[in-house]
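Reading through the structure tokens given below for one structure.
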Amino acid sequence: MPNIALQSIDIFNETEFARQLQSQPTKLLSLLKQNIQHGEQAIKQAYEAGASTQEIIHTRAQFIDQILTQVFKQQFADCEQTIAFIAVGGYGRGELHPASDIDIMLLLAEAESPKTKEKLEQFLMLLWDSKLDIGHSVRTLDECVEEATKDITVVTNLMESRLICGEQSLFNKMREATGPAHIWNSKDFFKAKLEEQTQRHRKFGDTAYNLEPNIKENPGGLRDLQMIGWVAKRHFGTRILHELADKNFLSKAELATLNECQTYLWKIRSHLHFITGKHEDRLLFDLQRQLAESFGYEDGENNLAIEKFMQKYYRTVLELERLNELLLQLFRQEILYADEPERSTDINRRFLVINDYIAARHENVFTENPSSLLEIFLIMELHPEIRGVQAHTIRLIREHTHLIDDKFRNSQTAKQLFIDIITQTRGVTHELRRMNRYGILAAYIPAFE
């Protein structure tokens, strides 16, 4: 189905809504509900007509911006205190899926007066009564800094904040006061987010292959992609992924893969929200069948439509999981180890360990010794003190998977290495999963493709 331009669809007339609010102030809630319902319905019709996922989620954020701006101006027209009305989290990024929460913060220069408190309560009650899924916080600048200092999730939300309307200078002060120069420097932030991701992955069994995966929280899900963005913003000040390519942290091919994976998962998530009519991020069995049909998959002789759909999903999250690992390893080297002396330990003529991560000794290791594509995983089983693979070596492995052909598979060396890998007393599952992420398992045993 061809994409359409959402801008050409009548979603919301901001000028007319402002006029209605001024002429019929007593009908505010009714007008608000009518306009929200009309806009949401128009966006759904655009989705059904073939609008792209990017158009859907960005247009919905813009639509909510316009609605909230008019209501805020009407409600706080005579407010004596300075307020900045701020979007945070995904809404702050300008991304709102069909049933995503709308996270906002009302920032004050000082504690609210009784009159301001009453206005704030009326404003929030109005938004809730309008059936918008609002998540909110009301804070002074000092409270904002205090909460952000204590809680990594708060500072993460504020990093993605965006002023909807209100006092620009107050918003700027908040961004400065919660920036890495004052709290959560990039090293502390990275360590905390890394631990957060480790705990989240553990909750989902450290695997992307759950039967009813959560497309946001599962390993390889959208949260892993956001993790890359958060660390990059905190350390480099980047706001978009392609700036990482400009800094040579991503190749053009890797950037294209990241964007492709994000677009596909966004598409699944938007479909989930529209199909269920609620904020649902789990690929439940019943929903998998509906999604497979929506995505145009059909039953074949060897695969059902639902199997084809889930295979595509698993390949997508596997790519994201690999790129997440690669980029986080690059961030480790840049953020954690940049000022530390390099510690290296020789393993053999092909590999060494640098700051606890195994690395190829030179660019031609795998070309000269193709069996090293298996050997590296056996080494990590035999040396549990090795924490992972250096980013550049991950890239080398991926670039040389083509060396695993029939000749490679039939070689006695490769056969023995693989037998040794799967017969170790520890680390087998962990390394097989790593082999799968890097594309080695599917190359060696095509049935895993």
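Would you say K117 is modelled with pLDDT under 95 and either touching a Ser or Thr at 6+ places or on another chain (Cβ under 9 Å) or more than 20 Å from G179 (Cβ to Cβ) (or both)?
no
Restricting attention to segment 247-254, does a residue exist that is surrounded by fewer than 17 Cβ atoms within 10 Å (Cβ to Cβ), in a helix (DSSP H, G or I) and either polar (S, T, N, Q) or modelled with pLDDT under 95 (or both)?
So far as segment 247-254 goes, yes, one or more of its residues are surrounded by fewer than 17 Cβ atoms within 10 Å (Cβ to Cβ), in a helix (DSSP H, G or I) and either polar (S, T, N, Q) or modelled with pLDDT under 95 (or both).
So T316 clears everything in (1) assigned by TED's automatic domain parsing to the domain that holds D405; (2) within 21 Å of G229 (Cα to Cα) except one condition, right? Which one?
So T316 meets the others, but not (1).
From the list G94, G39, which residue is among the small types (G, A, S) and surrounded by fewer than 18 Cβ atoms within 10 Å (Cβ to Cβ)?
Matching residue, one of G94, G39: G94.
Quick check on my filter: what residues within segment 267-324 are out of contact with any Gly (no Cβ under 6 Å at 6 or more places or on another chain), among the β-branched types (V, I, T) and closer than 28 Å to L255 by Cβ?
Once the filter is applied, which keeps residues that are out of contact with any Gly (no Cβ under 6 Å at 6 or more places or on another chain), among the β-branched types (V, I, T) and closer than 28 Å to L255 by Cβ, segment 267-324 yields I268, T316.
Kindly indicate the residue of segment 337-354 that is basic (K, R) and exposed (fewer than 14 other Cβ atoms within 10 Å of the Cβ) and also nearest to S371 (Cα to Cα) among those meeting that condition.
Looking at the filtered set, the residue picked out is R349.
Any residue in segment 227-249 that's in contact (Cβ under 8 Å) with a residue 12 or more places away in the chain: show its pairings with residues that are of a type in the set (A, V, I, L, M) and not in a helix (DSSP H, G or I) at Cβ separation under 7 Å, as long as the two are six or more apart or on different chains.
Close Cβ pairs (under 7 Å, with a partner that is of a type in the set (A, V, I, L, M) and not in a helix (DSSP H, G or I)) amount to G229/L241; L244/L250.
In this structure, does E298 turn out to be in the same structural domain as H201 (by TED's automatic domain parsing), crowded, with 17+ Cβ neighbours inside 10 Å and closer than 30 Å to D281 by Cβ?
So E298 fails the test.
Please state which one of E325, E321, E334, E307 is free of Cβ contacts under 8 Å to residues at least 12 places away in the same chain, surrounded by 15 or more Cβ atoms within 10 Å (Cβ to Cβ) and under 29 Å from the mean Cα position of the chain (by Cα).
Only one candidate passes the filter, namely E307.
Of the residues Q66, Q74, Q24, Q54, only one is modelled with pLDDT under 90 and either in contact with a helix residue (DSSP H, G or I) (Cβ under 8 Å, 6 or more places away or on another chain) or hydrophobic (A, V, I, L, M, F, W, C) (or both); which?
Selected residue: Q24, the only one of Q66, Q74, Q24, Q54 that is modelled with pLDDT under 90 and either in contact with a helix residue (DSSP H, G or I) (Cβ under 8 Å, 6 or more places away or on another chain) or hydrophobic (A, V, I, L, M, F, W, C) (or both).
Please determine whether any residue of segment 97-106 is out of contact with any Cys (no Cβ under 7 Å at 6 or more places or on another chain), without any contact (Cβ under 8 Å) to a residue 40 or more places away in the chain and surrounded by 19 or more Cβ atoms within 10 Å (Cβ to Cβ).
yes
For segment 88-108, give me the residue count where each residue is under 12 Å from S137 (Cβ atoms) and not acidic (D, E).
Matching residues across segment 88-108 total 7.
Taking the stated definitions as given, is E196 of a type in the set (D, E) and assigned to a helix (DSSP H, G or I)?
So E196 fits the description; yes.
Could you check segment 181-206 and list, in sequence order, the residues that are crowded, with 16+ Cβ neighbours inside 10 Å and either farther than 26 Å from E217 by Cα or touching a strand residue (DSSP E or B) at 6+ places or on another chain (Cβ under 8 Å) (or both)?
Within segment 181-206, I183, F204 meet the criteria.
Which condition from (1) farther than 23 Å from G94 by Cα; (2) in the same structural domain as I104 (by TED's automatic domain parsing); (3) without any contact (Cβ under 8 Å) to a residue 12 or more places away in the chain; (4) of a type outside the set (A, V, I, L, M) is the one that E195 breaks?
Checking E195 against (1) farther than 23 Å from G94 by Cα; (2) in the same structural domain as I104 (by TED's automatic domain parsing); (3) without any contact (Cβ under 8 Å) to a residue 12 or more places away in the chain; (4) of a type outside the set (A, V, I, L, M), the one that fails is (2).
Show the residue pairs that are 6+ apart or on different chains and have beta-carbon atoms under 7 Å apart, the first residue being within segment 23-44 and touching a residue at least 12 places away in the same chain (Cβ under 8 Å) and over 14 Å from L68 (Cα atoms), the second being buried (at least 16 other Cβ atoms within 10 Å of the Cβ) and among the charged types (D, E, K, R).
Pairs found: I43/R60.
The values are calculated or read from the model by the stated rules, or taken from the named source; none is laboratory data. What you are looking at is a predicted structure, and each value in this text was computed from that prediction instead of being measured. Here the Cβ is made from the backbone with ideal geometry for all residues, glycine too, and neighbour counts use every protein chain on show.
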